[in-house]
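Asks: Once you've had a glance at the structure underneath, I'll fire off some questions.
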Amino acid sequence: MANATNYKQLKEDFVSNLSGGSVIEISQVLAAPTVVLILWSVLQARQALFRPQTPLGLVVDFLLNVGAPLLSVTLYSGTPVLLSTFLFATALFVYVIPANPTGRRKKPKLPPNAQSDPKSSAPSGVAVGQLGVLSTKPFLTTYRGSMMILTCICILAVDFRIFPRRFAKVETWGTSLMDMGVGSFVFSAGIVASRPVLKERADGRTTPLFTRLARSLRHSLPLLALGIIRLLSVKGLDYAEHVTEYGVHWNFFFTLGFLPPFIALFQSALSIIPSYAALALLLGTLYQVTLESTDLKAYILAGPRTDLLSMNREGIFSFWGYLAIFLAGQDIGMLVLPRRLNARGTSQRTRLLLALAAWSAVWSTLYFLCTDYNYGTGLSVSRRMANLPYILWVVATNTVLLSIFYILDIVFFPSFYNANDTRTEKDAYLTATSQVLRAYNRNGLAVFLVANLLTGLVNMTVPTLHVGPMPTMGILAAYMAVVTALAVVLDVYDISIKL
């Protein structure tokens, strides 16, 4: 018992990260999925390696989209630029060798889940505008899938010594890869949440507040239930945890579970405030002003834990920051999800690219002004409080990533944006996206839950702090292979698990 207690304390101290890494270091790690996308796109556009899908193509897909990010946070964590350089050089080599015209001309048969879609099975002469105002963009699938893969890798890798401490969640002040991960998860969820709002606006209808709240509760209850299950399992199994992350009882599932009803309430404010972005900025600014002008900051960071509120103050008050991130994600979703029904392909691409570039510049400038000591307010990022600098850092980084992914999308796969009917668009979408990334994107929350369960299982059966580098890599590779296999099987059998 004493040894178990000592090991638990050692694990809690190990996952503590006092200062984090620099924004540049984190950006270098986040560059890995971007360079992987370049290599994947060259292999697909020039050699048609992934359509139709073959066992070899699936293996290469896994090695690129899962193996490379895994290496970037483990063996290459000290030299992520070297890994990116190697991947980019490979992409150049593939680009200059002769293309595979046979593979490029061959039009693969649509998978069952595409054929079963009544819109995608419509006659080729049916115009896109007659079938809906929303489309599933390749770069969004790539972005969400890449983010989910990196998240699943980090939640287990952080328990091993091969994972740098600067990438783990920061104790109070600073930036880290995992701090970016949780914020990106919320931002990504906000993008998807804009779909029903866009459909309502397209239909010219408005859902009453009570109906919105009722619908939001249906989404909240499963997440809150998962939060309770996680709480009971962590306490019951005496699992190592860091209280200053969310509090004594709170966890990330509670944050996700409380977002839908608050989003339903805040949607009513759009009649006064012009956009979700303005609403997010207003909420984040008011929260930061409250932190700076009252005792709230001191209470969150150093207050005694005497009751339910004080025991969970990090999770409760950081919720407002995550809510602002979610709203900012919705604003980007309102921009990138709609089809531009009255625009030519080139015009559509240019307008969206300029809009994404403009928003990237806006959010990045606001982050600079908020954190710079010479030209701004000199505030520090705190994921623990989810303060305004943290909000702006997450939103700016994700918007820039989306812009880069979109540029690669239109460079390598412009046919998607030139499609005149949904069958052609669906086929172009499947050609432009990785099967592995599609699978992670489709059942992201369910895959995340399974990854959490496997993480707990590994930690209960393996003394992770005492495992050497090579066994660690074997465990992490096997873990990601299991998670990826589950995601791909669900996708192949056309199963979508909605939580």
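Asks: Please compute the length gained on full extension between Asp372 and Val59, using 0.36 nm multiplied by the number of residues separating them and subtracting their Cα-Cα distance.
Replies: Details: separation 313, 0.36 × 313 = 112.68 nm, distance 4.46 nm.
Extra length from Asp372 to Val59 when fully extended: 108.2 nm.
Asks: Tell me what the chain gives for mean residue ellipticity at 222 nm when only DSSP H runs of n ≥ 4 count, each as -39,500 (n - 2.57), the sum divided by the residue total, rounded to 500 deg cm²/dmol. Intermediate values should be presented prior to the final figure.
Replies: Values: 22 runs with 337 residues, N = 499.
Theoretical 222 nm ellipticity from helices: -22000 deg cm²/dmol.
Asks: Oh, and also: Fully extended, how many nm does the chain gain between Ser271 and Ile97 (0.36 nm per residue separation, minus their Cα-Cα distance)?
Replies: Separation in residues times 0.36 nm, less the Cα-Cα distance, equals 57.1 nm.
Asks: Would you mind counting up the charge near Gly174? Only other residues with Cβ under 11 Å from its Cβ, with Lys and Arg at +1 and Asp and Glu at -1.
Replies: Working: positive: Arg166, Lys169, Arg383, Arg384; negative: Glu171, Asp179.
So the surrounding residues net to +2.
Asks: Per 0.36 nm of contour for each residue apart, how much would the distance between Ala214 and Arg161 grow if the chain were fully extended, relative to their Cα-Cα spacing?
Replies: My answer for the length gained is 14.5 nm.
Asks: Can you flag which of Lys169/Lys199; Lys199/Lys498; Lys169/Lys498; Lys137/Lys498 are past 26 Å Cα-Cα? Write out the running numbers ahead of the final one.
Replies: Working: Lys169/Lys199 37 Å; Lys199/Lys498 19 Å; Lys169/Lys498 28 Å; Lys137/Lys498 20 Å.
Over 26 Å Cα-Cα: Lys169/Lys199; Lys169/Lys498.
Asks: Further question on the same structure: Of the chymotrypsin sites (Phe, Trp or Tyr not before Pro) in region 283-373, which ones lie in a loop per DSSP and count no more than 14 other C-beta atoms within 10 Å? Intermediate values should be presented prior to the final figure.
Replies: On the way: sites: Tyr287, Tyr299, Phe317, Phe319, Trp320, Tyr322, Phe326, Trp359, Trp363, Tyr367, Phe368, Tyr373; in loops: Tyr373.
Answer by residue number: Tyr373.
Asks: Calculate the spin-label point distance for Val362 paired with Ser496, positioning each point 7 Å from the Cα along the beta-carbon direction, and give it in nanometres.
Replies: My value for the distance between the label points is 2.9 nm.
Asks: Provide the net charge surrounding Ile149, with neighbours chosen by a C-beta distance below 15 Å and charges set as Lys +1, Arg +1, Asp -1, Glu -1.
Replies: Numbers: positive: Arg144, Arg438, Arg442; negative: Asp61, Asp491.
Once all neighbours under 15 Å are counted, the net charge is +1.
Asks: At most 11 other C-beta atoms within 10 Å and a DSSP loop state: those are the exposed trypsin sites (Lys or Arg not before Pro) I care about. Give me the longest piece of the chain that has none.
Replies: Here the longest segment lacking exposed loop sites spans 345-497.
Asks: Here is a further query. Quick check on the exposure proxy: order Met460, Met148 from fewest to most C-beta atoms within 10 angstrom. Walk me through the intermediate numbers first.
Replies: Numbers: Met460 9, Met148 26.
Fewest-to-most Cβ neighbours within 10 Å comes out as Met460, Met148.
Asks: List, in order, the whole-Hz ³J(HN,Hα) value for each residue of region 432-445 obtained from phi through the Karplus relation with A = 6.51, B = -1.76, C = 1.60 and θ = phi - 60°; use x for Gly and Pro.
Replies: So the Karplus estimates, Gly and Pro as x, are 8, 10, 6, 4, 5, 5, 4, 5, 5, 5, 5, 10, x, 5 Hz.
Asks: Determine ³J(HN,Hα), in whole Hz, for all residues of region 360-370 in sequence, where each value follows from phi through the Karplus function 6.51 cos²θ - 1.76 cosθ + 1.60 and θ = phi - 60°; x replaces Gly and Pro.
Replies: 4, 5, 4, 5, 5, 5, 4, 5, 4, 5, 7
Asks: Going by amide H atoms built from the backbone, whose H comes under 5 Å of the H on Gly21, apart from near neighbours?
Replies: Thr175, Ser176, Leu177
Asks: Please work out the FRET efficiency for the pair Asn459 and Asp295, using the Cβ-Cβ distance as r and a Förster radius of 35 Å; give the result to the nearest 0.05. Write out the running numbers ahead of the final one.
Replies: Numbers: r = 37 Å, r/R0 = 1.06.
With a Förster radius of 35 Å, E is 0.40.
Asks: Let me ask another. Can you tally the net charge around Thr206? Count Lys and Arg as +1, Asp and Glu as -1, for every other residue whose Cβ sits under 11 Å from the Cβ of Thr206. If you can, show how the numbers build up before the last one.
Replies: Details: positive: Arg201, Arg205, Arg212; negative: Glu200, Asp203.
Its environment carries a net charge of +1.
Throughout, read-outs are computed from the coordinates displayed, never taken from laboratory work. Owing to the predicted nature of the structure, the values given are computational and were not obtained by experimental measurement. With ideal geometry, Cβ positions are generated from the backbone for all residues, glycine too; neighbour counts draw on all protein chains shown.
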